[in-house]
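One structure is given below, encoded as structure tokens.
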Amino acid sequence: PSTALPTTRWPGDAMRSLPAHDQTHLITLPDGTLTLGDLWPAPGETPLWAAIVGGKTAPDAINNGHFYHGPIGQRQLGRLQTAGLFSPTDAPFQDLQAAAGGIAFMNLSQIPRSKDDPETMTLMREGAARVERELASRDVELVISMWRHGTRELLGSEGRPGFQHAHSSWGAEVFRMPSPYARAIEAVAVMDELAGWLEHNKLGVHAPRG
């Protein structure tokens, strides 16, 4: 049985303070915790084909209703955009642009936590089954692990940055992002793997239009 863990609770007016287009990112968990929900492509947008999987849900993400809002997250999304995963945008947050291109966003744990302590690691491990179930049911063909947690929980090993030798339980390719603190030359080499894969498979910015 799962151990009850402390959660961060947010005031009921937190959702009302956000713009209407941001409120769709927020959900209320069964225990009343307000958190960032999964982000899926909307009807009429590019059909779902890839998913970016994070670890914990940062409390600050709930204040603005976006994935990867901070400088580190923006750095990682910028690397993905440069590799051709989704089209460039001038918007301050790129998650909606990516979702319009068929990319989902999920976190292993939806309970707001600020540190990767043992309790948070337990939450991520327990949440991995939900993520796997949702992605498998939609037959997502590419999973991008934003940090090491995604590969560890979905494949059983953190692996190295880049494409993993193992596939997901439903057969998807799994790509682990380089550390946000990796040297530029190391990060470029890893992201070139993804760029080449996208071009070869005509996905992302290389997908046929029309």
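The values are calculated or read from the model by the stated rules, or taken from the named source; none is laboratory data. Values in this document were obtained by computation on a predicted structure and should not be read as measured data. All Cβ positions, glycine included, derive from the backbone under ideal geometry; neighbour counts span all protein chains shown. Heads up: the accessible areas ignore ligands, DNA and RNA and are worked out on the full protein's heavy atoms, side chains in. Shrake-Rupley method; radii C 1.70, N 1.55, O 1.52, S 1.80 Å.
In the chain, a dipole from Cβ-located charges (positive for Lys and Arg, negative for Asp and Glu) runs towards its positive end, and of Gly37, Leu48, Ala187 it is Ala187 whose Cα lies farthest in that direction.
Calculated accessible area for the chain comes out at 49 Å² per residue, all protein chains present (probe 1.4 Å; ligands, DNA, RNA ignored). Restriction of the trypsin sites (Lys or Arg not before Pro) in the range 170-210 to DSSP coil positions whose beta-carbon has at most 12 other beta-carbons within 10 angstrom yields Arg183, Lys202, Arg209.
Magnitude of the charge dipole for the chain, about its Cα centre and with charges confined to Cβ atoms of Lys, Arg (+1) and Asp, Glu (-1), is about 200 debye. Structural descriptor for the chain: relative contact order 21 percent, calculated from alpha carbon pairs under 8 angstrom and at least 6 residues apart. Rounded, prolate or oblate: pick one for the range 100-201, where a ≥ b ≥ c are the square roots of the eigenvalues of its C-alpha gyration tensor, a/c under 1.5 means rounded, and failing that, prolate if a/b is larger than b/c, else oblate. In terms of gyration-tensor shape, oblate. Ranked by solvent-accessible area (1.4 Å probe, protein heavy atoms only, all chains present), the residues Thr46, Thr82 order from largest to smallest as Thr82, Thr46. Amide H to amide H distances under 5 Å link Phe163 with Arg176, where only residues 5 or more positions off or on other chains count and H is placed in the peptide plane.
Test of understanding: what is the full-extension gain from Val188 to Leu29, defined as 0.36 nm times their sequence separation minus their Cα-Cα distance?
So the chain would gain 53.4 nm between Val188 and Leu29.
Keeping all protein chains in position, work out how much accessible area His206 exposes to a 1.4 Å probe, and write it in Å² to the nearest 10. Spelled out: His206, probe radius 1.4 Å, area about 70 Å². Ordering Gln81, Val140, Leu203 by Cα displacement along the dipole of the chain toward the positive end leaves Gln81 in first place; charges were set at the Cβ atoms of Lys, Arg (+1) and Asp, Glu (-1). Surface composition of the chain: carbon and sulfur make up 55 percent of the accessible area, probe 1.4 Å.
Extension gain, Glu119-Ala136: 0.36 nm per intervening residue step, less the Cα-Cα distance, totals 3.5 nm. As a test of the formula, what do you get for the chain when each DSSP H run with n ≥ 4 contributes -39,500 (n - 2.57) and the sum is divided by the residue count, at 222 nm and rounded to the nearest 500 deg cm²/dmol? So the helix-based figure for the chain works out to -10500 deg cm²/dmol.
Of the trypsin sites (Lys or Arg not before Pro) in the range 123-160, which ones lie in a loop per DSSP and count no more than 16 other C-beta atoms within 10 Å?
Passing both the DSSP loop test and the Cβ count: Arg138.
In a simple Cβ point-charge model (Lys, Arg +1; Asp, Glu -1; nothing else charged), the range 76-179 has a dipole of about 180 debye relative to its Cα centre. Annotation: amide H-H contacts under 5 Å for Leu108 (H modelled 1.01 Å from N, sequence separation of 5 or more, or interchain): Gly54, Gly55.
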